[in-house]
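A short worksheet on the structure shown next.
The values are calculated or read from the model by the stated rules, or taken from the named source; none is laboratory data. Note that this is a predicted model, so its numbers are computed, not measured. Because the Cβ atoms are built from the backbone with ideal geometry, glycine has one as well, and the counts that use them run over all protein chains shown.
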């Protein structure tokens, strides 16, 4: 039996890869990215009450890390030494604010609320004198107006459990401050690796695009956040000069620090600081002239920040249409509360830069630069 040459097994043709397949893969990758972003947004919405320490610590580390890296490179010393130095400075600053600002301000606010009826009576008497004004159709003099306001405040506190809420807020704030400091240390020490971990949420195909978007967005965000810190320092300095040196209001240092810190919270913060300082000013005022002087100071402070110093400090980094800014503030406050208000402009800037790059438009033009 002769054995002939073996016939080779027929080869199976590999199906050609068409451009349509590449488009299919790209669409899957894009759909996956969109799904991941939506899922992350929903998760953040559900756990929004844990976000403040992470956001504050992340912003501080984001602004401080370049200085730490620069100092370590120039000095050829271990980076951890500068991390410890920066963290020590933040810890010292937080301690000074807590020691100098919180106790005297808490005492003053306690006096104001304990003597609320007397404060309202004195203010009303200076405004209307011995006459009467109509409130909801009922004529009231200064004493009746003060008594009605004090009774309304007491009933509101009793019905809504404000004291319990305030106690929980104080405890939560203390815990949040400690957690913020702990997170700040880890972000300063391992910020780069944490950022790489977040990048893993993006499909590998789209990671180069995300890195490119971040390279364009990074200087814009840095300019914005640094501008906000400069505005905070300006507000605190001017508040100390106006409240302490010019008006002579007691506890000017903690009030100035509070004015600067609350300036970081758009819309809500400036109003809250003005009300708190106004209550202290009314409580310590010796005449209607002092109250008018405080009103002029508060107006001048807001005009100087909103119309002069704020635009100079922020520059064109946050050049967004006012309608868009208002929409972002309201949407952020509705969805994420205070953190949503703080991050409204940065998120809007991120969307603006991303759209500029995806639509292949000049980023300078989209950011409003000349």
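Worth a mention:
- The condition of being farther than 21 Å from residue 339 by Cβ and without any contact (Cβ under 8 Å) to a residue 24 or more places away in the chain does not hold for residue 213.
- Residue within the range 281-300 that is within 23 Å of residue 339 (Cα to Cα) and either assigned to a helix (DSSP H, G or I) or not assigned by TED's automatic domain parsing to the domain that holds residue 55 (or both) present: no
- Criterion: in the same structural domain as residue 87 (by TED's automatic domain parsing) and under 21 Å from residue 343 (Cα atoms) - qualifying residue of 175, 187: 187
Residue by residue, here is whether (1) in contact with a strand residue (DSSP E or B) (Cβ under 6 Å, 6 or more places away or on another chain); (2) at pLDDT 75 or above; (3) over 27 Å from residue 288 (Cβ atoms) holds:
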position: 107; (1), (2), (3): no, no, no
position: 118; (1), (2), (3): no, no, no
position: 125; (1), (2), (3): no, no, no
position: 128; (1), (2), (3): no, no, no
position: 134; (1), (2), (3): no, no, no
position: 163; (1), (2), (3): no, no, yes
position: 167; (1), (2), (3): no, no, yes
position: 172; (1), (2), (3): no, yes, yes
position: 185; (1), (2), (3): no, yes, yes
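- Matching residues in the range 265-308 - criterion: being loosely packed, with under 12 Cβ neighbours inside 10 Å, modelled with pLDDT under 80 and farther than 29 Å from residue 333 by Cα: 286, 287, 289
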